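Have a look at this one before I ask anything.
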Amino acid sequence: MNQPTNSKSTQVYQITIIGILFFIFGFVTWLNGTLIQFLKLACDLKTDTQAFLVTFAFFMAYFFLAIPSSFILKTTGYKRGMALGLFVMALGSLVFIPAASERSFTIFLLGLFMQGMGLALLQTASNPYISIIGSLESAASRISIMGICNKVGGALSPLILGFIVFSDSDTVKKDLLAASTTAVKNDILNNLAARIVMPYTVLAVVLFALAVMLYFSNLPEIKEASAADDDANATEKKPWQIPYVILGALCIFMYVGAEVMAGDIIGTYGKNLGFGLSETKYFTTFTLVAMLAGYVIGLATIPKYISQEKSLLYAAIGAIVLSFIAYLTTGYTSVTCIALLGLFNAPMWPAIFPLGIRYLGKWTKLGSAFLVMGIAGGGVIPQISRCTHLGF
């Protein structure tokens, strides 16, 4: 990939703008952990399998839209493509209004899929953008900064949404159990579903405003060098012919699946272990705080003390050890191990993405799309996991 000679002030401006976008990514994405529990209750879903369609609908949008996003970006460029992604996310947020009115799980899933569509475009644009505005060796540090922005947004979102929709969750559950007729029960659930309208309306307004601001901003457009400028051997190769692109996509598929398990699904896991909603609504935030700590550690150590490749290796080993402990224990010990997976998940994306798109040159957008497709693991792996010892 090319190594731009941006001035320090220009690069700081670029990092700031993209950092705001990553905050939005995290805020929207990690709402899903609370939504799983909320929609299971509000839409009167009977099984966790149905509730996990929240993550399935959201993350599968990446699989279907990542490649089209790369072609859209060829036409729009990075800046306008990111603005378009924000606009699509805003439309998806507005879909929650009729979904709540009808208490329709299907319409909620449509809104989530549309949000995922917008994020697919944003991720396909913003990740290579932040990777190629400086040297490959420092790319993990820049992405770690983005990860901090992402996880700060992610840590706040379940707290905010949980407070709005679950402030009296125990009372609501008692009222539902005491409901004497179907009409009374439906009235309680309709009132509960209506709570989602205000936060998602505000979210839509913010996303629309950010889309307009980004479109008219002076964020510099960047262009990839030709593949020949970086690697003469890559001139005749397409991204799907390059092993590190395919392996990178596979790594992201597995990593995002594990990240969603540790973040979005931890609340359902805790509920299956006997914890109440008053406790489980905070579990996602615990995972994200651990991830935030991991990003700070990565920012301080990569590449000064450890390479991207070594950080990925050590993080994978640590995650495997914690997974075994979680599997073999129960209660707070097991939940704590799941939450601490966030610490070891944090270095993975910053290492995998820049390594996966290195030397792609003119194929950077398409190669990035292949990697972004791997995010679909966040929808697939939780569905598989429900049949395991972890209680899903």
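The values are calculated or read from the model by the stated rules, or taken from the named source; none is laboratory data. Model, not experiment: these values are computed from the prediction. Every residue, glycine among them, receives a Cβ derived from its backbone with ideal geometry; neighbour counts consider all protein chains shown. Just so you know, the surface numbers come from the protein's heavy atoms only, side chains and all, with ligands and any DNA or RNA stripped out. Shrake-Rupley method; radii C 1.70, N 1.55, O 1.52, S 1.80 Å.
Just checking, how many residues over the range 280-317 are more than 11 Å from Pro347 (Cα to Cα) and within 22 Å of the chain's Cα centre (by Cα)?
The qualifying residues number 11.
If the Cβ limit is 8 Å and pairs must be 6+ apart or interchain, which residue in the range 260-284 that is over 17 Å from Thr330 (Cβ atoms) pairs with which residue that is surrounded by fewer than 19 Cβ atoms within 10 Å (Cβ to Cβ) and of a type in the set (A, V, I, L, M)?
Tyr282/Leu159
Evaluate the following for Ile320: is it of a type in the set (Val, Ile, Thr) and touching a Phe, Trp or Tyr at 6+ places or on another chain (Cβ under 8 Å)?
On the way: of a type in the set (Val, Ile, Thr): yes; touching a Phe, Trp or Tyr at 6+ places or on another chain (Cβ under 8 Å): no.
Here the answer is no, as Ile320 does not meet what is asked.
The conditions are (1) of a type outside the set (Val, Ile, Thr); (2) closer than 22 Å to Met373 by Cα; (3) modelled with pLDDT under 80; (4) open to solvent by 10 Å² or more (accessible area, probe 1.4 Å), and Asn127 fails exactly one of them. Which is it?
(4)
Picking from Gly81, Gly92, which residue would you name as being more than 25 Å from Ile246 (Cα to Cα) and modelled with pLDDT of 90 or more?
Result: Gly92 is the single residue among Gly81, Gly92 that is more than 25 Å from Ile246 (Cα to Cα) and modelled with pLDDT of 90 or more.
Then there's this: Restricting the range 246-263 to residues that are of a type in the set (Val, Ile, Thr) and more than 17 Å from Thr49 (Cα to Cα), which is surrounded by the most Cβ atoms within 10 Å (Cβ to Cβ)?
Of everything passing the filter in the range 246-263, Ile252 is surrounded by the most Cβ atoms within 10 Å (Cβ to Cβ).
Only residues that are modelled with pLDDT under 80 and touching a Ser or Thr at 6+ places or on another chain (Cβ under 9 Å): list them for the range 156-182, please.
Passing the criteria: Phe166, Ser169, Asp170.
Please list, ordered by residue number, the helices (runs of 4 or more DSSP H) wholly in the range 243-350 having 1 or more residues that are over 19 Å from Ser385 (Cβ atoms). So that I can check it myself, show each step before the final result.
On the way: elements: 243-263, 266-272, 277-280, 283-301, 308-328, 331-345.
Of the helices (runs of 4 or more DSSP H) lying wholly inside the range 243-350, those with at least 1 residues that are over 19 Å from Ser385 (Cβ atoms) span 243-263, 277-280, 283-301, 308-328, 331-345.
Taking the range 324-371 as the search range and keeping residues that are among the aromatic types (Phe, Trp, Tyr) and within 22 Å of the chain's Cα centre (by Cα), which one is surrounded by the fewest Cβ atoms within 10 Å (Cβ to Cβ)?
For the range 324-371, the residue satisfying everything is Phe344.
Which residues, taken from the range 276-297, are of a type outside the set (S, T, N, Q) and either at pLDDT below 80 or in contact with a His (Cβ under 9 Å, 6 or more places away or on another chain) (or both)? Lay out the reasoning, then the answer.
Step one: filter the range 276-297 for residues of a type outside the set (S, T, N, Q), giving 276-277, 279, 281-283, 286, 288-297.
Answer for the range 276-297, where residues must be of a type outside the set (S, T, N, Q) and either at pLDDT below 80 or in contact with a His (Cβ under 9 Å, 6 or more places away or on another chain) (or both): Gly276, Leu277, Glu279, Lys281, Tyr282.
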